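Student: The structure's right below; bear with me while I get my questions together.
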Amino acid sequence: MAKDAQYWAERRDDLLAQLEKSEEVLNAKLAKLYKREADELQRDIAAYYQEYGRDNVIEYRKLLVSLKEQDRRLLMEKMDEFEKKYPKWAYLMPVRASIYQLNELEGIQTAIYLQQLEIGAIEIEKLTEHLSALAMNAANLAAEEMGFGTAFYNINAEAITMTVGAAWSQDKSYSERIWDNREKLAAYLNDDFAKMLARGVSYDQMARELRERFEDVSVRDAKRLIFTEGSFVFNEAQAQVFAQDFDSYYIETCKDKRVCKICREIAANSESEPFSYKDRQPGANFPPFHPWCRCSAVPYVSDWDAWIDDYVAKRGGDAITKGR
């Protein structure tokens with residue numbers, strides 16, 4: 001804060017610009033993942049059409065027979081592999097005993113569900129890495145603004161661990177929302193698959209429609225989640241730092257046409273009636289206020305001279321506060 005407010009505003013804007021670039025990189029990586037997994041699903045469907053189909057159509061009744069031993073073994077192997085790679089999420093898998101009771105149609109649907117679990121686990125890994133780096137950078141920017149140096153927090157600091165993975169939206173963390181999205185998509189895919197089989201659609205139509213559902217929904221859900229969660233982490237990591245020395249904050253909206261009427265009104269009101277850091281609630285009085293929101297919370301002080309005198313007095317006028 002030895003520098004002027006404009007300087008720190010520009011630094012926050014720079015960090016937001018870096019955030020959007022890293023989001024683009026992450027979204028591109030996930031899009032490749034979705035394409036690869038959609039290709040895998042398409043190959044699996046082609047195999048079933050080849051085995052059970054006739055004239056490029058599968059007779060629905062053929063898939064109601066008991067699951068073949070080789071197909072059951074493949075499902076078990078997929079479950080073992082998932083549990084080995086992601087033991088933390090093993091509880092999400094179907095009960096193993098139930099696999100012995102499946103018919104061929106249910107076997108395909110279970111394979112689709114397991115594929116969605118695999119994708120969800122990868123999404124969580126990638127997003128955790130992305131958000132942890134963001135939280136550290138945001139907390140360090142706030143620490144630098146407070147005069148504590150340029151690398152005050154590391155990736156394991158409390159301000160980062162308390163921020164990344166917080167259940168801030170409808171009491172759910174981003175990992176819980178990812179699992180919700182994956183389970184919902186698995187249900188849609190399995191429902192679509194069964195209905196198209198019952199209608200006797202061709203392989204080409206089946207593959208095209210499931211692929212569109214798979215990739216379009218995955219990309220849309222991921223982009224929204226990454227963007228909105230990024231806004232929360234950007235603000236909350238700084239709030240963890242600022243709340244130790246500031247009582248209140250006001251809202252800055254994004255500086256382009258994306259700002260909505262709701263955010264504009266909240267920002268205008270907060271300048272005359274700042275919000276309290278200890279009472280912050282994302283979605284109500286703290287950003288993000290809605291999906292795709294990129295507003296910022298900025299410390300508010302009515303009398304900077306008095307605040308600086310008090311700040312220096314608290315710390316005995318040490319070197320950290322020199323030059324404020």
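The values are calculated or read from the model by the stated rules, or taken from the named source; none is laboratory data. Computed from a prediction, not measured in an experiment: that's the story for all the values here. Backbone-built Cβ (ideal geometry, glycine too); neighbour counts: all protein chains shown. Heavy atoms of the whole protein, side chains included, go into the accessibility calculation; ligands, DNA and RNA do not. Shrake-Rupley method; radii C 1.70, N 1.55, O 1.52, S 1.80 Å.
Student: Tell me, yes or no, whether region 180-190 has at least one residue that is assigned to a strand (DSSP E or B) and over 30 Å from A9 (Cα atoms).
Tutor: Quick first cut of region 180-190, residues assigned to a strand (DSSP E or B) only: none.
Looking through region 180-190, none of the residues is assigned to a strand (DSSP E or B) and over 30 Å from A9 (Cα atoms).
Student: So A31 ticks every box in (1) small (G, A, S); (2) touching an Asp or Glu at 6+ places or on another chain (Cβ under 9 Å); (3) at pLDDT below 90 but one. Which box is left unticked?
Tutor: Every condition holds for A31 apart from (3).
Student: Does region 38-64 hold any residues that are open to solvent by less than 30 Å² (accessible area, probe 1.4 Å) and under 36 Å from the mean Cα position of the chain (by Cα), and which are they?
Tutor: Residues of region 38-64 that are open to solvent by less than 30 Å² (accessible area, probe 1.4 Å), as a first pass: 38, 41, 45, 49, 52-53, 58, 63.
Matches in region 38-64: A38, L41, I45, Y49.
Student: Separate question: Can you give me the number of residues within region 38-97 that are part of a loop (DSSP other than H, G, I, E, B) and touching a strand residue (DSSP E or B) at 6+ places or on another chain (Cβ under 7 Å)? Steps first, please.
Tutor: Pass one, region 38-97, residues part of a loop (DSSP other than H, G, I, E, B): 55-56, 59, 65, 67-68, 86, 93-95.
Next cut, touching a strand residue (DSSP E or B) at 6+ places or on another chain (Cβ under 7 Å) only: 65, 67.
Count: 2.
Student: Here's something else I'd like to know. When region 255-279 is examined, which residues are found to be touching a strand residue (DSSP E or B) at 6+ places or on another chain (Cβ under 8 Å) and either open to solvent by less than 100 Å² (accessible area, probe 1.4 Å) or among the hydrophobic types (A, V, I, L, M, F, W, C) (or both)?
Tutor: Filtering region 255-279 down to residues touching a strand residue (DSSP E or B) at 6+ places or on another chain (Cβ under 8 Å) leaves 263, 266-267, 270-271, 274-277.
Of everything in region 255-279, those that are touching a strand residue (DSSP E or B) at 6+ places or on another chain (Cβ under 8 Å) and either open to solvent by less than 100 Å² (accessible area, probe 1.4 Å) or among the hydrophobic types (A, V, I, L, M, F, W, C) (or both) turn out to be C263, I266, A267, S270, P274, F275, S276, Y277.
Student: Hey, another quick one. Which one of these does F246 not meet: (1) part of a loop (DSSP other than H, G, I, E, B); (2) buried (at least 17 other Cβ atoms within 10 Å of the Cβ); (3) at pLDDT below 90?
Tutor: Evaluating F246 over (1) part of a loop (DSSP other than H, G, I, E, B); (2) buried (at least 17 other Cβ atoms within 10 Å of the Cβ); (3) at pLDDT below 90 leaves (3) as the failure.
Student: So which residues in region 142-169 are of a type outside the set (G, A, S) and either under 14 Å from the mean Cα position of the chain (by Cα) or at pLDDT 95 or above (or both), if there are any at all?
Tutor: Within region 142-169, the subset of a type outside the set (G, A, S) is 144-146, 148, 150, 152-156, 158, 160-164, 168.
Matches in region 142-169: T163, V164, W168.
Student: If I ask for residues that are farther than 16 Å from A47 by Cβ and surrounded by 17 or more Cβ atoms within 10 Å (Cβ to Cβ), which ones from region 65-80 would you list?
Tutor: M79
Student: Something else about it: With respect to F232, determine if the residue is surrounded by fewer than 20 Cβ atoms within 10 Å (Cβ to Cβ), in a helix (DSSP H, G or I) and in contact (Cβ under 8 Å) with a residue 24 or more places away in the chain. Even if it seems obvious, please write down each step before you answer.
Tutor: On the way: surrounded by fewer than 20 Cβ atoms within 10 Å (Cβ to Cβ): no; in a helix (DSSP H, G or I): yes; in contact (Cβ under 8 Å) with a residue 24 or more places away in the chain: yes.
Taking the combined requirement at face value, the residue does not satisfy it.
Student: Any residue at all in region 290-299 that's open to solvent by less than 80 Å² (accessible area, probe 1.4 Å) and of a type in the set (S, T, Y)? Steps first, answer last, please.
Tutor: Step one: of region 290-299, the residues open to solvent by less than 80 Å² (accessible area, probe 1.4 Å) are 290-291, 293-299.
Those left that are additionally of a type in the set (S, T, Y): 296.
Checked region 290-299: at least one residue is open to solvent by less than 80 Å² (accessible area, probe 1.4 Å) and of a type in the set (S, T, Y).
Student: For L210, state whether it is in contact with a Ser or Thr (Cβ under 9 Å, 6 or more places away or on another chain), open to solvent by less than 10 Å² (accessible area, probe 1.4 Å) and either assigned to a helix (DSSP H, G or I) or within 28 Å of R72 (Cα to Cα) (or both).
Tutor: On the way: in contact with a Ser or Thr (Cβ under 9 Å, 6 or more places away or on another chain): no; open to solvent by less than 10 Å² (accessible area, probe 1.4 Å): yes; either assigned to a helix (DSSP H, G or I) or within 28 Å of R72 (Cα to Cα) (or both): yes.
Taking the combined requirement at face value, the residue does not satisfy it.
Student: Within region 152-191, count every residue that is open to solvent by 60 Å² or more (accessible area, probe 1.4 Å), within 15 Å of E229 (Cα to Cα) and touching a residue at least 40 places away in the same chain (Cβ under 8 Å).
Tutor: Of the residues in that region, 1 qualify.
Student: Could I ask something else about it? State whether the residues of region 22-29 include one that is over 30 Å from C295 (Cβ atoms) and either among the polar types (S, T, N, Q) or open to solvent by 50 Å² or more (accessible area, probe 1.4 Å) (or both).
Tutor: Going residue by residue through region 22-29, those that are over 30 Å from C295 (Cβ atoms) are none.
No, region 22-29 contains no residue that is over 30 Å from C295 (Cβ atoms) and either among the polar types (S, T, N, Q) or open to solvent by 50 Å² or more (accessible area, probe 1.4 Å) (or both).
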